[in-house]
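Quick notes on the structure that follows.
Just so you know, all these numbers are worked out from the coordinates, no wet-lab data involved. What you see is a predicted model; the values in this text were computed from it and never measured. Here Cβ is always computed from backbone atoms with ideal geometry, including for glycine, and neighbour counts include all displayed protein chains.
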Amino acid sequence: MTDSDFLQQIDPAPEPIRHGGLSVGSIVLITGVVLFAAVIGIALLRQQQTQPTSGQAPDFTITTFDGQPFTLSEQRGTIVVVNFWASWCAPCREEAPLLEALWRDYQDRGVIVVGVAYADLDNDSRAFIDEFGITYPNGADIGTTISKNRYHILGVPETFIIDQNGNIRRFFFQLLPDSAGGDDDLFVKIASVRATLDILLAEAETL
Amino acid sequence: MINRFPPARLRACALCFWLLLWLTLPAYAQTEPITDDDVNVLANRLYCPVCPNETLDACRTEACAQWREDIRVQLQAGATEQQVIDTFVARFGQRVVGNPQDPALRALAVGAPILLAGSAVIVGVLTFARWRGRKGIETPTHAASSVDDPYRTQIERDLE
Amino acid sequence: MISEIGTICLILAFGAAIYAIIASVIGVRRGDNRLVVSARNAGLLTFPLLLTAMLLLLSALLTQQYQISYVWQVTDPNTPTIFRITALWGSQQGSLLFWCVLMSVFAFVALATQWREHRRLMPYVNAFTMASLAFFVGLVLFLENPFTRIWADAAGNPVGGVFQPSGTTFVSVDILAQSARGLNPLLRHIGMIIHPPMLYLGFVGFVIPFAFAMAALASGDLSSNWIKATRRWTLASWLFLGLGLILGGRWAYDVLGWGGYWGWDPVENAAFLPWLIGTAFLHSVMIQEKRGMLKTWNMALIILTFSAVMFGTFATRSGLIESVHSFAQSEIGIPMFVFWAGITLTGVVLIVYRRHQGHLRDEHVFAGIVSRESMFVLNNVIFVALTGAIFWGSFGAPIIAELTTNTDITLGAEYFEMVTPPLFIAMYILMGIAPLSAWGAMSIGRLGRALIAPIAITILVLVVLFLTGTTQAGALLGYGVVLLAGVVAVYETVRGAQARKRKHDESWLAAFVNIFGRNRRRYGGFIVHLGITVIGIGVIGSTLFQQETQRTLAVGDSLELGGYTLRLDTVDLGQIADDGRVMDIANLTLLRDGSELARIRPRLDFYPQAQGMNTMTIAGAHSTLENDFYVLLSGYEQTNPGDSTTLSATFKVYLNPLVNLVWWGGIILIIGTVISTLPNETAPARARRPLEARAKATA
């Protein structure tokens, strides 16, 4: 240090007193910090969970707008196309006719299309359904638990294709590639929903 | 002889008449149009369910415009502010209000800081009590000058 | 070329930082000076390397090299040059690199200018600074490299990589230019040119005081040397952080269009927390310098400040909590969490270790409850409590609620405006009383007597306010405590000048100039307190007395708010600006008592090529010191296109009283802090002249 620093420095502290082990307070403090960090870490891991793309599809039960209950796990033996949508979502309006056409073509072949309305009020949802003449079952996700906590969707529309054993086989993020507005990405070509369904149905027949 | 209602009965009828009139007043309130400001008072307290951390009146998306319309419709139909809020919470979850409605969550949100503040005050009081009990109190310095350190004042005086 | 050289610079910088850490530690352990100096050189070297990398990225942005995926992400062929430059910090990779460059600048300055004076601490300072730098450069190099390029594989799908992966081909710049994303419209504003750099300067600046504190703990030199070394660093970082926050508020007010400037958004709060703890630290170190007390507090505060900085940047960049400010979900969340947890735990363990050894003992005793030392302890407690409350509201409660009950909750303005005012009131009261207290014990009577004049002045002003219409108890209480703090600051300054004037028989002006010259820290501090007072008045006025309304007007209609009349004159639709955006501008006239005051032109900007959020609502306002008349164009409808008589537009109008005091208070804050940082004039110039004359006479 410089001379002026030496002259200016405060007298050093008195002889340090050595104790035995760490005091209770110190242990509590360090434990507290560790716990705090652990909680943040767990929160981070949970927040980073993304949409499931394989394995058993999370089960859910909704009440359709016609008043019927619909439970996913009761649909074993049928392929289920789960579509998350909302009346305020512009791309969903483009998808709706496609899904309805899909439903009409495939419903006798062992495929069921179900729509889950995310963050939507009932009257708005019903108006949407009437506007597009949708006939497949639709229900509201009350409290957004199914969408957010089980399927971890980022927004709408998102579509999951679940096979006859309840496993997720395909996941479509945002607009279905079959639609006119399709591809958002540069060069990517995604197999369409119909192609996927055909493959899954063919698989079932060979078994 | 003129047939008159006895005064008591007349008063009773008048009361009934006024009562009926008051009961119909809410219906009159419905026919007054709900202004944008009425909607915004409520929209200010609610958060957009799908946008991160934006109040419903600040949010510019189509979805929020639709939800503000829904609020207007509900208010027009005679719902109170609390009823509208309850509908939104039931459909979209606790995240749409700035302070949770659910009592357990509210206790968590508001209770914890209060508990912490309380324990901090207790710790502070105990610490000061400990200092009082410890070594004697130094005599107060004489300096009432506006300069901090008495030594510095001395040195400055010497330098001038 | 650019990608390769840029990445090599990053690799070299990373290597240099790692070497600096290892060589410093081994050099100090072994007492080998050459290793320590070599480590210093490595540390100095990181700055030119990272600067080169940044300049290369900047040149890529300016010359439109769209193969580099960062350039493709944040610019497009229509981006104006100024925004090409600011795009450097427009997205994750670029802003991380910018952060690294700033950190290396500060390390360079510290290593270059403070090496000799603090020779014992500097090797450790080097090690800790380089540890932080190595982490961030590592993040950039391995996870978020801005020099990654776009290649195409056989199927035509895009593949990313710095060096060309096998089996891929070059993609033509023209094809990429067509699909380039361009800068988010929200970021195309002058506020975004300064707000992030200011914030980063503030955040990153705290690395140096933190490194010095850790150096003191690691080396065992626990005198106030580390504090003296870092005083200016702390002040500068604190100033930049405060400026960054105020500028962020100003930008939100001007551009985001919701009539306010602070939304209590989690990311805003995450930047506010280090500022709060930093303020406590700034004040608390004075006690250690003057009386050798609060050593543990000071260590804890600086480590908490830096931990808050790291937590803030971690929470923002990892998307821990949803916020309007969040970057997209990324993979750097877990590494950043590990780093934050690591440095926090290391700091805490070191403090506990040294305290256990007895090194952090107070050198004097607390003289009494009413003493300056106690006030500073109370100050620390209030700021830590504020930090805790705001942290709880933004992060703690939502996280705990989500973990235990699986429900998402939002704690918004409602919550914060309930929890923070009592603490802010306590803070302002303390700001008023503490400057009048003395070191050591002081009787309450003496303190009371010192307060008589300031309180009297404050009450006088409150009476005037009451008589001119401000009658709400809450407002009067708020104004009262805020004004007291400001009055005390001004009062003490005037008394100081008065004392000097009497002693030296100078004019008032000379007296003021001289006290500011002789004790810059104290009187600069009073100016800062005055700035905080002015901001406080602005905040109270614009929060408690804000009026708003929303109306749909046809051409020629007017609305009324707060004694003003606003009349819609015309609406210009479809105006095209230089950068391709389409503007719908409303022309309104503001009147008061029949006389025209101003023209107000709020507008809607539409960016046709932008992704996501492509409409901006830009407010028009008439600003005076008294209030802001603030108008937003929410939307319009024209039932018969081309016929302006069928046009109706919806306006959201706010009357924000005193809001401009917030910005003016910020300017006063800057002036005060700058004065505080400048060194004092040592001896008065006059005294030296007789000595010189005598020396000349005898020569």
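Extending 7 Å from the Cα toward the beta-carbon at both C:Trp664 and C:Ala112 defines two label points whose distance is 4.0 nm. Per-residue ellipticity at 222 nm computed for the protein assembly as shown from its helices equals -19000 deg cm²/dmol, with DSSP H segments shorter than 4 residues left out and the rest contributing -39,500 (n - 2.57). Straight Cα distances below 17 angstrom link C:Lys503 to the aspartates and glutamates B:Glu156, B:Asp158, B:Glu160, C:Glu492, with same-chain residues fewer than 8 positions distant left out.
Please state the equivalent ellipsoid semi-axes for the protein assembly as shown: what are the square roots of 5 times the Cα gyration tensor eigenvalues, largest first, in whole Å?
Details: eigenvalues 588, 337, 180 Å².
Semi-axes, largest first: 54, 41, 30 Å.
Taking every residue in A:88-96, how many Cβ atoms of other protein chains lie within 10 Å of its Cβ, on average? Could you put the intermediate results ahead of the total?
Values: counts 8, 4, 3, 0, 0, 0, 0, 0, 0.
Average per residue, whole number: 2.
Please compute the Cα-Cα pair-distance distribution of region C:547-657 with 5 Å bins starting at 0, giving whole percents from short to long. Answer for region C:547-657: a P(r) of 2, 12, 22, 23, 17, 13, 7, 3, 1, 0 percent.
With neighbour counts taken as other beta-carbon atoms within 10 Å, the residues C:Phe147, C:Phe606 rank, fewest first, as C:Phe606, C:Phe147. Summing Lys and Arg as +1 and Asp and Glu as -1 over all other residues whose Cβ lies under 11 Å from the Cβ of C:Ser224 gives a net charge of +1. Each Lys or Arg adds one and each Asp or Glu subtracts one; over the other residues with Cβ under 14 Å from the Cβ of B:Leu46, this totals -3.
Only counting other Cβ atoms within 10 Å, I'd like C:Met54, C:Met427 sorted with the fewest neighbours first.
On the way: C:Met54 21, C:Met427 24.
With the fewest neighbours first, C:Met54, C:Met427 line up as C:Met54, C:Met427.
Relative to one another, the C-alpha centroids of region C:504-569 and region A:33-66 are positioned 47 Å apart. When you count the other C-beta atoms within 10 angstrom of each residue and take the mean per peptide, A:44-52, C:537-545 line up highest first as C:537-545, A:44-52. In order along region C:43-50, phi translates into HN-Hα couplings of x, 5, 5, 4, 5, x, 5, 5 Hz, rounded to whole numbers, per the Karplus curve 6.51 cos²θ - 1.76 cosθ + 1.60 with θ = phi - 60° and x for Gly and Pro. With the simple model of a label 7 Å out from the Cα in the direction of the Cβ, C:Thr63 to C:Ala154 spans 3.4 nm. When each of B:Cys51, A:Cys92 is scored by the number of other beta-carbon atoms lying within 10 Å, the sequence from fewest to most is B:Cys51, A:Cys92.
With the contact rule set at Cα under 8 Å and sequence spacing of 6 or more, what percent relative contact order holds for chain C?
Details: 1161 pairs, mean separation 70.1, N = 699.
Relative contact order of chain C: 10 percent.
Start at zero, step by 5 Å, and the Cα-Cα distances of region C:218-309 spread as 3, 13, 21, 20, 14, 10, 8, 6, 3, 2, 0 percent across the bins.
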